1. Report ³J(HN,Hα) in whole Hz for each residue of segment B:369-383, in order, from the Karplus equation J = 6.51 cos²θ - 1.76 cosθ + 1.60 where θ = phi - 60°; Gly and Pro get x.
2. Within chain B, which DSSP H helices have Cα atoms that stretch 24 Å or more along the helix axis and a mean Kyte-Doolittle hydropathy of at least -0.5?
3. If each DSSP helix of 4+ residues adds -39,500 (n - 2.57) and the sum is divided by the residues in chain B, what number results at 222 nm, nearest 500 deg cm²/dmol?
4. For B:Gly393, enumerate residues with amide H under 5 Å from its amide H, sequence gap 5+ or separate chain, H modeled in the peptide plane.
5. In chain B, which cysteines lack any other cysteine Cβ under 4.7 Å from their own?
6. Hey, could you grab the Kirkwood Rh for segment A:222-273? Inverse mean 1/r over distinct alpha carbon pairs, Å, one decimal.
7. Cross-link list B:Lys302/B:Lys354; B:Lys204/B:Lys354; B:Lys300/B:Lys354; B:Lys59/B:Lys110; A:Lys195/B:Lys204: which exceed 24 angstrom alpha carbon to alpha carbon?
8. Report the one residue of B:Ala21, B:Val100, B:Phe75 whose Cα lies farthest in the direction of the positive end of the charge dipole of segment B:9-130 (charges on C-beta: Lys and Arg +1, Asp and Glu -1; origin at the Cα centre).
Amino acid sequence: MLDIAQAGDADMSHVTGALRQARVQLEPWILTLIAWILFAAVPWLEGGYGLSWDALNHHIYLGWTAEAQRFDKDFLGAAYQSFQFPYLYWPVYKLATSGWPGETVGIVLGGLHALVVPALWKIANACIPGRAVHDTMMRTIAVVMALMSGVVLSLLDSSANDLMAAIPFVWALAYSLDKRLQLAGFLGGISIAFKLSNGPLACVLPVLWLMNSERPHWSRLRDMVVGCLWIVMGFAVVYGYWGLVLWRYFGNPVYPFYDEVFAPLRSLTGWSR
Amino acid sequence: MIRFVPDTLREALLRPLAMTAPDGGVYVEIMAPDFRFVFLFLLVVAVLLGRLRRKQTIKIPGSISQLLVVTALAFVIWLVITGNGRYFIQFLLISGVLCVGLINCLPLSKFFRASLAVLLTSIQIAAVMSADPFNAWALATWRDAPYFDLQKPQKPRDEAQTIVTISTITYSLLAPQFPANIRWSNITSSPPPTQDRLESRYAKEILANPHGVSLFVPAIKQLATSEHLPGAGIRQAINNMIEDYGLVLQRADACEFLLSKGLDSLSLRQRGAESSAQQGFWLCPLERVELKSKDVTKRKGKFAAVFEAVEIQCPRFFKPDTANTLQIQGGELRQYGGSDMKLYVLEDGDVWYKYFRAINPVRLGSREEILTGRAPVDCSKILGRSGLPWERGL
């Protein structure tokens, strides 16, 4: 009888463990789905999509130039913001010019913004790694607390790309904690391509890699260098084409920034316009 | 741009506290009170004290301590570079995860930890919602298609012409509604074609378009004729802005008034429901005139010495060689875009500055006092900027 009871307990414990595992695996997807629904609801509840100063000035125009650059036609069409990396504005431009009502564009843009949620959950899971119901609850609160920023929420009914540009960076942090440096570096590079202001902040990624490694010192340094090379690669792959366009027209791939830095390169390559 | 960069070490150290204030312009343009960095600081102290008392029995996952270090490092980098919350979103997000992660490390019962997490999250939610983050940036609202309504031009125009804009907001969101061959330029952002710069050459090239040049500008009802076309006063003001580019607006009757419900919605948000409809844009063909280089006195203004005296004393806010001199009624003005500052030297002898967040301008002294150094500029007390949010004044 005792053996049967023990065997039954073992089976139950196995089933409970499997259910617990399934719950943990489902957590990020459920949170992402809920976030998507809530994010999509914001413009609908607000009765439309907000057009900010920046939207009137350059967001839609940049989305337009993402389809086909216009430096051969326009000059400062959207003032000096015309030179920003334009591709993240393409979705909002396309929705706007395709005749979507503003209340419904959150379905698409909210979905893009919700891509940050699984990365946040991944980080929460690294900080609160337990499998008990309590841990699930704490991770959920952590994700909610993460999103509870006036800045972040204000972007859910705005065409600004700041949240979208930060998403690869958050994923880079998540994968850094997983010790997947190459992927983390590549995503870090993508986030810099999306927004150059992410560049200085990306300096913390190698520091995180150094701290997070359990390998000998020289191997850590080597990993760090490899990770940095992946940052460069991620940046080059995503920013490369736009950088070339700016180089072609202005002799500076990050025009109008650091123009004097590229002056010697222009002389060296015989660039002229 | 130093809009959100702290001016002093004290402001930098107290930025987490400043971020809790329900004020705009603290770390982002909108009101976005955030308690999480203060919570983080208090939780780190609590965890460290708990470790001291319990002699290392509190285990902090490596992920939390590593993320704490990089967040602190990123915070410093952020304050040095921009201090603008829109460029720090990744760590605004991470701070929330870290708060709850640290709570989970506290030597308390599960129930207490969960309750504390819910309490702090509730405080943060209440703070964020008290400032209503939604629609915070909107000047206009995109409801139904089209996203920004504009009446189509009726007069026949060359579809390969150049259209120049001169307003601070370029309204380039309307460009995709025009024929794709039209060439766009916010010409007042560009240096005049007479200068020896790459940008000037591009400006010269686009303005020399043989298909003609037109102006696209928001109409000002109060300065319009009875036919809604630009009156003589506004034509003169426009010509003052475009003369350096070899352009002139001569005939109002060649202009076209284009109704815009999009501009209506913008006007309604700004002035309230009583604002009447019938807002729109003027589309006016421009004529070319001979390009003239302004002489130095005209470019720098007749009060250049006064401007320079202030710039030398306070280069952080009045950075030399970054502002053009504008002629205004009763004096001259320099706008320092990098620091959101305006400096006025008036014909009546007074010198004033105005920071963009302040309601009131501040008198610095008379022209003579500034030039002789008898009225030193206190760069550490800029009305509307210096100090913590509750110290800045208006």
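1. Each residue of segment B:369-383 in turn: 5, 5, 5, 8, x, 7, 10, x, 8, 8, 6, 8, 10, 8, 4 Hz.
2. Values: long enough: B:36-54 (26 Å, 1.65); B:62-81 (28 Å, 2.24); B:110-130 (30 Å, 1.36).
Within chain B the helices that satisfy the rule are B:36-54, B:62-81, B:110-130.
3. Working: 12 runs with 137 residues, N = 394.
So the calculated ellipticity at 222 nm is -10500 deg cm²/dmol.
4. HN-HN under 5 Å from B:Gly393: B:Gly384.
5. If one checks each Cβ against the other cysteines of chain B, B:Cys99, B:Cys105 turn up with nothing under 4.7 Å.
6. Numbers: mean 1/r = 0.0823 Å⁻¹.
About 12.2 Å for segment A:222-273.
7. Values: B:Lys302/B:Lys354 20 Å; B:Lys204/B:Lys354 34 Å; B:Lys300/B:Lys354 20 Å; B:Lys59/B:Lys110 15 Å; A:Lys195/B:Lys204 31 Å.
Long pairs (Cα-Cα over 24 Å): B:Lys204/B:Lys354; A:Lys195/B:Lys204.
8. Of the candidates, B:Val100 comes out farthest on the positive side.
Values quoted throughout were computed directly from the atomic coordinates according to the rules given, and no laboratory measurement underlies them. These numbers come from a predicted model, not from an experiment. Don't worry about glycine lacking a Cβ; one is built from the backbone with ideal geometry, like all the others, and counts go over all protein chains shown.
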